[in-house]
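The values are calculated or read from the model by the stated rules, or taken from the named source; none is laboratory data. Everything numeric here is computed off the predicted structure, so don't read it as measured data. Here Cβ is always computed from backbone atoms with ideal geometry, including for glycine, and neighbour counts include all displayed protein chains. Only protein heavy atoms, including side chains, enter the accessible area calculation; ligands, DNA and RNA are left aside. Shrake-Rupley method; radii C 1.70, N 1.55, O 1.52, S 1.80 Å.
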Amino acid sequence: MYELINSAIEYVEASLAMLFALSPTQLVMLLWPFLLLSVPRYLLTEFVALFQAMRPEPRAKAAFRRQLQANPPFVSILLPGFNERDTLETTVLSLREQTYPNFEIIVVNDGSTDGMGEVGRKLARRGWVRYFEHRMRGGKSSAANFALNAARGEYVVICDADSTFDRDSIWHLLVEFYRPDVAAVAGNLRVRNADSNLLTRMQAMQYVFSIGLGRRVSAMLGILFIVSGAFGAVRRSTLVNTGGWETGPGEDGDVTVKARIAGGDVAFAPEAMCMTDAPDAWWPYYRQQLRWNRSLIRFNVRKYGWLFNPFRRPFDVRNLIANIDTVLYQLVLGLTFPFYVVWMYMHHSEIFFQLMLVVLILYTAINYLHFLVALALSERPMVDLKMFPYVPLYGFFMGFYLRVVRLIAYADEYFFRTSYRESYVPEHVQKQSRMYDPW
């Protein structure tokens, strides 16, 4: 065992020595995806996140908070759900424990077959919720739009029916509307079952990096493109004026982009915490990631590809930058990475494995920097600190597994439009969507 560890250390030392022997030009040629794309983006992320943390709260925000406390506006919390019998009551109880005083909870049972209706009717008899049900399943968008029509609040909070929330989360969402141009606010999501196994730990780290830190930065730069359907708030007037939720996976991103096109900004509330269970097995996680990543092709490339056109109105440079950020770093970089690896092997086979090791070491170092910044800004630092030993594995998880899954999702959606046959939305609804789909 000692000899194996010693050999590994010697191999790492030789790889690093090989790296330091290269000229700057050679370094850029061999490590361009890391040096030209990943490093600037990571460094920008850390700089912006730390800068934001040091900024004092704007006076307008403090004044709006006092206004909310003096006269809290009515809020409608929408809980569309399908087969959520086991989790619905827990979610409603979590919402009823909110310190925000003026809200209603609207539950829409979307044709469930597991007895969710019994739970919903019981909660309605207690006076805890307003309950509606669809005899035939129409998908989450259909259920959310039905709830929107019944909503009476000035602000609409959309939630998943299998989540729980910190007690002040609604307050934290609403205070971000202190700017009149903010049309929607994204809540912060965390993995509730992070300790289940290695997969859930990796997802917990992914949520901390991409949501807790990444969305914080995107919102500050004015380019946040997503309010998760698991937890977020939208002005009711914005939803009504933009047509609500449309059919298909990725409906949360779609409704956010429509709000931005209508002239609204999107904020992020890091302290508005929502806890949700992540898939604890590889096959369900694989299917979830396929569904989520198909949305990039369906919406960012097909439906909203025109955002790249500066001559089409309404044009907003922030929407252009946001779409470039998403398409460049997820789609383009994802597509070029396999070609980069093949090119490296064909032209530098004698040092290929050393270079790949160097890349992994560099990404691990960057991920630790990323983790330390996220930890410094974390709302749950002692919980997040348990992820520290797993950071090296995150490079494998993100760099290899998720890259492959995303490539499969992109190709699948681009060539076969699989999202239009996704079981997440019933077939009769998908058929109608395809019939009237202009893009």
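Overview of values
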{"item": "Helical mean residue ellipticity (222 nm; -39500 (n - 2.57) per DSSP H run of 4+; nearest 500) of the chain", "result": "-16000 deg cm²/dmol"}
{"item": "Volume per residue that the Cα convex hull of the chain spans, once the total is divided by residue count, Å³", "result": "165 Å³"}
{"item": "Separation of alpha-carbon centers, region 390-404 and region 208-261, rounded to whole Å", "result": "26 Å"}
{"item": "Globularity ratio of region 141-195, using Cα Rg and 2.2 N^0.38 Å", "result": "1.32"}
{"item": "Nearest-ten-degree value, helix 116-125 long axis tilted from longest Cα axis of the chain", "result": "50 degrees"}
{"item": "R0 of 56 Å, Cβ-Cβ distance PHE74-GLU3: FRET efficiency to nearest 0.05", "result": "0.20"}
{"item": "Angle in degrees between helix 140-150 and the longest Cα principal axis of the chain, rounded to the nearest 10", "result": "40 degrees"}
{"item": "5 angstrom amide H check on CYS159, placed H, neighbours 5+ away", "result": "LEU78"}
{"item": "Whether region 318-439 is rounded, prolate or oblate, judged on the alpha carbon gyration tensor where a/c under 1.5 counts as rounded", "result": "oblate"}
{"item": "Crossing angle, helix 2-20 versus the chain [Cα axis fit, 0-90 degrees, rounded to tens]", "result": "90 degrees"}
{"item": "Protection-proxy order for peptides 61-70, 199-208, 146-155, each taking the mean of Cβ atoms within 10 Å per residue, highest first", "result": "199-208, 146-155, 61-70"}
{"item": "Accessible carbon and sulfur surface of region 140-289 relative to its total accessible area, %, 1.4 Å", "result": "49 percent"}
{"item": "Accessible area per residue, Å², the chain with all protein chains present, probe 1.4 Å", "result": "47 Å²"}
{"item": "Shape of region 107-199, Cα gyration tensor, a/c cut at 1.5", "result": "oblate"}
{"item": "Rounded FRET efficiency, nearest 0.05, which uses the C-beta distance separating LEU27 from LEU50 and R0 of 22 Å", "result": "0.20"}
{"item": "D_trans [Stokes-Einstein, Kirkwood Rh over alpha-carbon pairs] for region 1-83, 37 °C, 0.692 mPa s, µm² s⁻¹", "result": "170 µm²/s"}
{"item": "Rg and Dmax [Cα atoms of region 107-156; Å; Rg one decimal, Dmax integer]", "result": "11.1, 33"}
{"item": "Rounded to the nearest 10 Å², the accessible area of MET136 at probe 1.4 Å", "result": "130 Å²"}
{"item": "Size of charge dipole - the chain - debye, nearest 20, with Cβ of Lys, Arg +1 and Asp, Glu -1, no other charges", "result": "1400 debye"}
{"item": "Against the rule of thumb 2.2 N^0.38 Å, how large the Cα Rg of region 73-140 comes out", "result": "1.07"}
{"item": "Amide proton proximity set for PHE165, modelled H, under 5 Å, gap of 5+", "result": "MET275"}
